[in-house]
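Structure, as structure tokens:
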Amino acid sequence: MFYRKDKGLRGLKLRSFAFLGSGRKANILLPVPPWRGSMTGDVLIMNKDLTTGDPWSVIWRFCLPLFGSVIFQQLYNLADSFVAGRYIGENALAAVGNSYEITLIFIAFAMGCNIGCSVITARYFGAKDMLHMKTSVYTSLISTAVLCGVLMLGGLLLGNFLLEAINTPAEIYADSALYLRIYIWGLPFLFFYNLSTGIFTALGDSRTPFYFLAASSTANILVDIFFVTKLEMGVAGVAWATFLCQGISAILAVIFVLRRLKGVQTKEKAPLFSRVIFGQLCVIAIPSILQQSFISVGNIIIQSVINGFGAGTIAGYAAAIKLNNLVISSFTTISSGLSNYASQNLGAGILPRIRQGFKAGLRLVWMIALPLTALYLLGGRLLLGIFLEDPTADALSTGLMILRILSPFYIIVSAKLIADAILRGTGQMKQFMIGTFTDLILRVVLAIVLAGHLGSLGIWCAWPVGWTLSTLLSLYFYKKGSWENRTASD
């Protein structure tokens, strides 16, 4: 954890931060240099300082475009399932849903890079150290390119093995493999788009990512339908549509990031790579990658259990989990925004605002959770119909069961993700990981055990148990966080 000590130095303040591993003892000192840059023109307008103003108003205005972004991001994912289920068939929907669990591994790495870059960049931005802020962005871009190349090679070599490992049914295996292979070729677009989004939000700009997503997601739906209905490309058309639209978005996003950085003036040229900053990025990114990766691996294990119940259950799960992920991704995106808020305020040394931000974030996610819970409980059948045209009884009953079991617990898991935002934004990654792994381990173990006694119902019941216990842990760590122990003396 970091805290600030201010000392006068010719009218300036020298900021120092201490990382607290446990308790009140400082283990690592991270010097934060004084402000070395300035922003002018449109850069000043687009980049927003989250360390001033009423926390509720700041978070609301900052996170509202992020919420809109996640809606369009999910449209990206939903479009594939929608087109596959409505225009190709139930097996195509099952194939896309089956491959989706594997693609979550790659998304985990992309999101980890996003979070690591975002938190560290926001911290330097909050400290008004523009030189190191720019270097953190350049370092992130270089390291992400290397990581992406390694994952592409691994994915192409091991994709079929992973499909076999999750017991992919023979009738959907070929389509699953085709979709996955095309998706892997598009990984550079996935990584650099997510990284660009993290950079924008670190600088307090949540609108630019929204504009990109709104345009690309809308285009993705139209291209999906065109490739499948007019060109009759089948599952390949769904995959290539995503590849094309996300590719254009990623290229434009990176161009905009580089232009934004060019407008930030510094007294000296920012280094393109820094080992120190790379280490700081790893401290945040690696636990985030591990968190997302283990969740993805856990989902793959759960998917393998689900696959044992047949194509109807797989299709119902694929449809329902898309709707569920829409909600969870909304909470997660707001959580990432709140991490940037916490990190900027940590960089500025204004620690009381972090507690105020937690309360504001909690209000915001609950305003989203309650109506969505009601929508899923009352309109689940209609929503599932978006993906399932003339569904089998098994597919429809499975989808409805999942929504009715999970949706009442959205208010609980949303509180966990807001607490996690503060833990991550203030560097308490150990506590963050404990809460996350508790959720994952419980869900996987209980899904396997209960499926043997209750059938597929047991799998869905495992979610609320994991969510509830991990929420209690995350809230406990937030309340007992070492950053709070230092606010009184700062």
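The values are calculated or read from the model by the stated rules, or taken from the named source; none is laboratory data. All of these numbers come straight from a predicted model, not from anything done at the bench. All Cβ positions, even for glycine, are placed from backbone atoms using ideal geometry, and neighbour counts span all protein chains on display.
Looking at the stretch 352-365, is at least one residue under 20 Å from A202 (Cβ atoms), among the hydrophobic types (A, V, I, L, M, F, W, C) and not in a helix (DSSP H, G or I)? No. Using the structure shown, decide if L384 is modelled with pLDDT of 80 or more and of a type in the set (A, V, I, L, M). It is true that L384 is modelled with pLDDT of 80 or more and of a type in the set (A, V, I, L, M). Set side by side, the residues S397, S343 differ, and just one is among the small types (G, A, S) and surrounded by fewer than 17 Cβ atoms within 10 Å (Cβ to Cβ), which is S397. F278 - would you say it is within 21 Å of L147 (Cβ to Cβ), surrounded by 14 or more Cβ atoms within 10 Å (Cβ to Cβ), of a type in the set (F, W, Y) and under 17 Å from the mean Cα position of the chain (by Cα)? No: the conditions fail for F278. Counting the residues of the stretch 407-438 that are over 15 Å from I368 (Cα atoms), in a helix (DSSP H, G or I) and in contact (Cβ under 8 Å) with a residue 40 or more places away in the chain gives 16.
Residue check: is I328 surrounded by 21 or more Cβ atoms within 10 Å (Cβ to Cβ) and either of a type outside the set (D, E) or under 23 Å from T197 (Cβ atoms) (or both)?
Criteria not met by I328.
Take the residues in the stretch 442-490 that are at pLDDT below 90, farther than 29 Å from A395 by Cβ and of a type in the set (A, V, I, L, M, F, W, C), then tell me which one is surrounded by the most Cβ atoms within 10 Å (Cβ to Cβ). In this case the residue turns out to be W483.
For (1) touching a Gly at 6+ places or on another chain (Cβ under 6 Å); (2) free of Cβ contacts under 8 Å to residues at least 40 places away in the same chain; (3) among the aliphatic types (A, V, I, L, M); (4) part of a helix (DSSP H, G or I), each residue gets a yes or a no:
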residue	(1), (2), (3), (4)
L156	no, yes, yes, yes
L163	no, no, yes, yes
Y179	no, no, no, yes
T208	no, no, no, yes
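Candidates in the stretch 387-419 are the residues that are polar (S, T, N, Q) and in contact with a Gly (Cβ under 9 Å, 6 or more places away or on another chain); of these, the one that is modelled with the lowest pLDDT is T392.
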